[in-house]
Each structure stands twice: as structure tokens, then as C-alpha cells.
Amino acid sequence: MLEARLAQAAVLKKTLDAIKELVTDANFDCSDGGISLQAMDNSHVALVSLLLRADGFEPYRCDRNLALGINLNSLSKVLRSAQNEDIITLKAADDPDNLSLTFESQNQDRISEYEMKLMDIDQEHLGIPETAYAAVITMPAAEFQRICRDLSGISESVTIDASKDGVKFASAGDIGNGSVTLKQTHNPEEPALSTSIELSESVTLTFSLKYLVNFTKATPLAGAVTLQMSNDVPLLVEYKMEGGYLRYYLAPKIQD
Amino acid sequence: AIKQSEIKAYFGRK
């Protein structure tokens, strides 16, 4: 059986908000290492990979591997009933038809109990190769969100150019064009507000802004975001949170 | 022309 108690409902609520528009149904794979999810979006352009490590729960118990097939919109509706500060406990039997969710208020004067029907999902799992990326850019998550939102007003696409001079986000559309260039900065007081650029070679790739804007729904999960790029491979956008990560992979736009 | 590639073109089936 699975029993996983999470001290802050907000983590799960924000995680769901960050993926439910990309992915409709997904298996939550539970093992003794924690709870993970891998799913492509409907158009097979992006891939979401979530890990909530066992040590992020207290307690965490999973006797055997379980795949909990969940409609994310339904889970999101159930989680709406949890307050951000509630303690959430997830429970499932070994061959479960239902997922049980308990929300306890901090001072334990309110306990809400929900049961959600599970579904059988035959999901394709992709093998993601270990990649040493040519460019690794870490920046404030809110900055990345703002750049994506601003440039999406200009064009459907953005070209990200990482070089020794900085990282440049550029878009060109019917109304004109625009770009934002970030230089490396160092803010020792608040590392999450720094921008760092590690580069082994220059990289230029073009991506759909629709997807990037969607990825930035994860902004409330982390102060910083890391973009990892190599020429001719998907972009990795990673939000690290306490006890896990949310990663998005996005296939580049290529010359036909 | 520029076109959108699919993620499966890069990551193999497990």
C-alpha cells in the first residue's frame, strides 16, 4: 500500500496547476523512492517529468510499486478543497480503484476526506538520455516568466541564443520584433535573484512560446529556473523544489 | 520553413 503525508498542501496544488494544462491523464508512479510522473502533452511536443522524493513526505510508505492513473483535472478539483497550509495524506491499496486524500488543518480541528476514482492509463514511457548540456542558464523564475509572456505578444516563437556575451531571447512577428538579453549577475544576498550562464559552446535554438508560457505556470514552485540547452536537442526547463523537481522538455522548432 | 519537431524524435521508447 501507499501512504504519503505531505506537510503543505500548497506543494501539490501548485504542482498540479503547473502541469494540468499540458497533460490530461497521467500515471503517478509510486515506489519506495517517492512519487514520479512522466507524460507527454497531447501534441507530443513537450514532456513533463515530476519527482516528489520520499524524503519530502513524513511519513512515506510504499510497499510495492504502484501506478495510480489519475485525471489531472479531477485531482485539481479535489485539491481545491484543501487549504494551502493543510497537511495532505495520500493513501492507496495495493491494487487500487481509488485514491484516498485526507486534508487536515494545521491545528487539526478540521479533517476532510475525499476518495478519487483511478483509471487505467496505458502510458508510453520515454527514455531520457543523460545529457551534458552545452549551455546551462539559471535565472530568477519570475524573470523567465516575464520574458516569455512579453515576447509571446510579439510572436509565436522565441530564439534563445546562449553565448559568452549572455543569453538573448529574441522574437520577430507581424507587428515587429523584440529581444531581451541577460548578462551573468551575482547576488550573494539572494542567490535566487542571480543569473548564471555556464557555457561549453554557443547554442541557438528556436521554441514555441505557447509551451514556454505554459511551463512558467511552475513559477510559484521555485525562486529560480534552470534552462539547459544543446544544439539540436530538446530544451530542459527545470524547477527544483524542496524534495523534488518539475522538469519540462521541449522539442525545438527546426528548419524544414 | 521552420517546423515544430516532436519530442519522440529525440527520446526513445523505454
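Laid out as a table, the results:
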{"quantity": "Residue that is surrounded by the fewest Cβ atoms within 10 Å (Cβ to Cβ), among those in segment A:81-132 that are among the small types (Gly, Ala, Ser) and away from every other protein chain (no Cβ under 14 Å)", "calculated": "A:ALA132"}
{"quantity": "Test: residue in segment A:167-189 that is under 21 Å from B:PHE11 (Cβ atoms), away from every other protein chain (no Cβ under 14 Å) and in a strand (DSSP E or B)", "calculated": "no"}
{"quantity": "Conditions (1) touching a Cys at 6+ places or on another chain (Cβ under 7 Å); (2) within 14 Å of chain B (Cβ to nearest Cβ); number of the one not met by A:SER155", "calculated": "(1)"}
{"quantity": "A:ILE154 at pLDDT 95 or above, β-branched (Val, Ile, Thr) and in a loop (DSSP other than H, G, I, E, B)", "calculated": "yes"}
{"quantity": "Residue selected from segment A:229-256 under the condition more than 13 Å from chain B (Cβ to nearest Cβ) and at pLDDT below 95, by the criterion nearest to A:ALA132 (Cα to Cα)", "calculated": "A:MET241"}
{"quantity": "Matching residues, segment A:220-244, being surrounded by fewer than 20 Cβ atoms within 10 Å (Cβ to Cβ) and assigned to a helix (DSSP H, G or I)", "calculated": "A:PRO220"}
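Residue by residue, here is whether (1) surrounded by 18 or more Cβ atoms within 10 Å (Cβ to Cβ); (2) not in a helix (DSSP H, G or I) holds:
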position: A:LYS14; (1), (2): yes, no
position: A:LEU37; (1), (2): yes, yes
position: A:HIS44; (1), (2): no, yes
position: A:LEU47; (1), (2): yes, yes
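The values are calculated or read from the model by the stated rules, or taken from the named source; none is laboratory data. Note that the structure is predicted; figures quoted are calculated from it, not measured. Cβ: placed from backbone, ideal geometry, glycine included. Neighbour counts: every protein chain shown.
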